[in-house]
Amino acid sequence: MVTEEALKFFYDKCTGVKTQLERDMIGQQQVVEGCMIAMIAGGNVLLEGVPGVGKTRLVRSLGRVFDLPFSRIQFTPDLMPADVTGTNMIMKDEQGNSAFTFQKGPVFTNILLADEINRATPKTQSALLEAMQEHTVTVMGKTYSLDDPFFVLATQNPIEQDGTYPLPEAQMDRFLFKLLITYPNLNELARIVNITQETMDEVADAVCTGKDLMLMRQIAKEVPVAQDVMNYTMKLVLATHPDSECATQSAQKYVRCGASPRGAQALITTAKVRALLHGRFNVAYEDINALAYPVLRHRVKLNFDAVTEKITQDQVVTNIIKELTAAPVKKKAPEPTMSNAKKILSRRN
Amino acid sequence: MDYQKLLKKFRIRMWKEAIVKSLVAGMNGGLVLAVLSVIIMKCIQHEWTFVPVMITGLVGFLICTGLFLVLVFRPNQQKIARRIDQAGLKERVVTMLDYQEVTGFMIEKQREDAVTRLEGLSPDAIPRSYVKKYLVFPMVLAILLTLACVIPFGEDTAASAIEEESARQEALVDQLIAQLRAIVDAADLESNLKDQLYEIVNNLELSFDEEDTTLTRTAKISESMKILESLEASLVVKNKIAEYLGNNSDYGEVANALAEGDVDGMSAALTLLAASITEEDKVTLTSLLQSSAESAKNLSADGVADAFATAATALGVEDSDTGTILDHLIASITEPIAYEVKIENTIEQMLALMTTSENEIAGITTEEETTQAEEETSPSENETSESESQSQEESESKAEESKEGESQESPPEDGSMPEGESGQTGEEETTEAEKIYDPDATEAAEETQDPEDSGGNIPYSEVFDQYYSDALQDLTDDEISDELRDMIEQYYTSLK
């Protein structure tokens, strides 16, 4: 049951999480916000960026902020599925009888860092499929549940492709967001260097527990979505399909395969969280448009024309949004910040 | 919550906008209808006028305005909510209206948030949704309407050509009237006779109308020519005397002198006449001269009348000597004949001028008349052009007149002597009727003039008979079926 206090709790926690994350992550506000939204919405995140931009640091910092058990798996080509999920081992009990006992792998945690996930073989990558979607692990015919909340935060390097195995479509679809971490700008780089002169460790404090996170997720689910916005979202997702009746020209020209229904689910779920984070109690077109990039960029498969013309997924998404007529927000209102959201709440109280 | 009240100020604003949009859209509709009406009127060859186009446009404007207002631009609650959200409310109002029947804490919070934002929003903050095309379309349509009105269509071009040709004919008519008046002005004639000539010219002028066709105009000129010719025939008695005298070879020179109006040669001719005149001839000539005197009196030409009367008296004295007769004839006939020559010359000038103008007008055949003639022509007669048929009809009628004239042995209406009797005069003044091929004419005439080679016309009856006989001869061929034979015979029968 959402109450006034619950809302205040939501904003307090969000503010705290953001503040703590910004202690470890300089710049990259969109990535930080994306990670927050994904974690509140309960989705997995694929972080893509060149080495050294803070992917692993961000994940470790998230683990600290949310005060949740954190595991890290460094994906390598010789990593086996059992190394991820765990395996049955012959163990002797007190009476000296030998029996198979399941030894839990690193996946049995709340936050799993799958570092350089594309370096593992597809077999090992696929070991995460069940855990990511159903939050369960099945070994030797026996299914084990993972503790909630469970997140997979994977990283991958976009430039070193030798000896890597691109993630299969099925696995990509199970990531709620794909966030791109870019190079910091001049000021951000200077601040990063200064901070890390003191210590290389993450300094973020835990401000949110797993229970808090689950409560925040419940609160976000209550946010209403207007029928117009819902229709627009469905149209946007269908527009990525070149054979769809809603397909835009860009999709027909550059897209080989569009987003799955999981994309539409992800858009609505995360848009609700974003609306609350931005001090609104309803989802706006703006939320859908902003989240279309992290939600759709890894779900849209480009064709050969796009590759030859060096068209990226983000460009295709931009074109689709432009081509859709249901994006009527022309006059930009001042964007509410977290502090503004708090003010709104206090004014109403 | 009273959403109607909440959205009232925005609804008024939206209605104003809807009315403006509907008016512009209605204007577009009206202009489209006006353009279409002009085009349709031009296509159906209806002479387009401004008032029906305006009425059509106005009706279209009213209907389109109403339809657009009711069906398209009328603001409902959902439309108003969407427009308000465009003012930066980020779908708050749409969501509020969508969830107006739902309860719950988050919904209430959303509603409060939306209401708070709405209360602080001015209706003017809603961005106007006037699209440039709403203003561009009327301009384009107005240009189209202007072009449709100005640019002549195919029929208009034809109509303007007809008008142009009609104007040329009118100019020719005006020129003719002016020249006729100038001829009468310059003529040395009695005032009464000049008045009669003026009246003929005036009547001719008044008879013309702007709506006249080529045929009507030429017919009116022909009618006036006939009046002039009849006037000439009634006034100029010298020709009658010449005709009478011409029948007797003894008076041939007198007849020629009279016919030619040769006053100087008249004395010599009359001397011969006086020497050889018989009593019978004296009686006839006396009668002719008396009638001439009566005609002259009718014209109030007293001098001329007296002269004819004196001559008649002189001839009427029995057993008068030749010298007395001669004196009287020379004294009395010479002067009237000179006057008759003036009359004849004046009328001949007028007739020549009218003939020339008639031919010129007939040469300007308007396209409209050509079309009418084509429509009237039956399919079997398509090979014959309008001009040919017209000239054929004219030549037929003239040929008939000529035939009648010859059979009655009367002189032509223009006063010239018949061919063979008047000598050189008859040959020089060849009339149109003389060009007609006459099967009964002498062999010499046939040898000297081949009607087909010289471009002359052949009477329709003769051509028809020849064609008919040729067709009947060809029908004897066994390969032609009875049905086809009947059909051809019926065709020729219908043409008879």
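The residue list A:PHE100, A:GLY34, A:GLN74 was ranked by how far each Cα lies along the charge dipole of the stretch A:34-142 toward its positive end, using unit charges on Cβ atoms, and A:GLY34 comes out on top.
Can you give me the C-alpha center-to-center distance between the stretch B:37-79 and the stretch B:1-18, rounded to a whole angstrom? Value for the Cα centre distance between the two parts: 30 Å. Listed values for the stretch B:30-40 are Karplus-derived 3J(HN,Hα) couplings in whole Hz (6.51 cos²θ - 1.76 cosθ + 1.60, θ = phi - 60°), namely x, 5, 4, 5, 4, 4, 4, 5, 4, 5, 5, and x replaces Gly and Pro.
So how do A:213-222, B:79-88 stack up, highest first, on mean other-Cβ count within 10 Å?
Working: A:213-222: 19.0, B:79-88: 21.3.
So the peptides A:213-222, B:79-88, ranked by packing, come out B:79-88, A:213-222.
Amide H contacts for A:VAL255 (H built 1.01 Å from N in the peptide plane; partners 5 or more residues away or on another chain; cut-off under 5 Å): A:ASN303. Averaging Cα coordinates gives a centre for the stretch B:347-361 and one for the stretch A:1-78; these two points are 113 Å apart.
The HN-Hα couplings worked out from phi for the stretch A:52-61 by the Karplus form 6.51 cos²θ - 1.76 cosθ + 1.60 (θ = phi - 60°) are x, 9, x, 5, 5, 5, 5, 5, 5, 5 Hz, whole numbers, x standing for Gly and Pro. Taking amide hydrogens as placed 1.01 Å from N in the peptide plane, the amide H of A:PHE100 sits under 5 Å from those of A:MET91, each at least 5 positions away in sequence or on another chain. When the stretch A:119-246 is described by a simple charge dipole with +1 on each Lys and Arg Cβ and -1 on each Asp and Glu Cβ, the residue from A:THR199, A:THR240, A:SER126 located farthest towards its positive end is A:SER126. Annotation: the stretch B:66-209 has a Kirkwood hydrodynamic radius of 23.6 angstrom, from the mean reciprocal C-alpha pair distance.
Looking at this model, which pairs from A:LYS211/B:LYS90; A:LYS211/A:LYS272; A:LYS322/B:LYS90 are more than 23 angstrom apart at the alpha-carbon?
Values: A:LYS211/B:LYS90 31 Å; A:LYS211/A:LYS272 19 Å; A:LYS322/B:LYS90 18 Å.
Those over the limit are A:LYS211/B:LYS90.
Measuring nothing but how far apart in sequence close Cα pairs (under 8 Å, 6+ apart) lie, relative to its length, chain A scores a relative contact order of 20 percent.
When +1 charges are put on Lys and Arg Cβ atoms and -1 charges on Asp and Glu Cβ atoms, the dipole computed for the stretch A:1-132 relative to its Cα centre reaches about 240 debye. Pairs exceeding 25 Å between alpha-carbon atoms, taken from A:LYS104/A:LYS221; B:LYS16/B:LYS79; A:LYS8/A:LYS178: A:LYS104/A:LYS221; A:LYS8/A:LYS178. Going by Cα centres, the stretch A:178-248 and the stretch B:105-131 are how many Å apart? Taking the Cα centre of the stretch B:105-131 as reference, the centre of the stretch A:178-248 is 27 Å away. Couplings for the stretch A:226-237, taken from phi via the Karplus curve 6.51 cos²θ - 1.76 cosθ + 1.60 with θ = phi - 60°, read 5, 5, 4, 5, 4, 4, 5, 5, 5, 5, 5, 5 Hz in order; Gly and Pro are left as x.
Ordering of A:6-18, A:187-199 by packing is A:6-18, A:187-199, highest average first (other Cβ atoms within 10 Å, averaged per residue).
No lab work stands behind these numbers, since they all come straight from the coordinates. If you're wondering where the values come from, they're calculated on a predicted model, not measured in any experiment. A quick note on method: Cβ atoms are made from the backbone with ideal geometry, for glycine too, and the neighbour counts reach across all protein chains shown.
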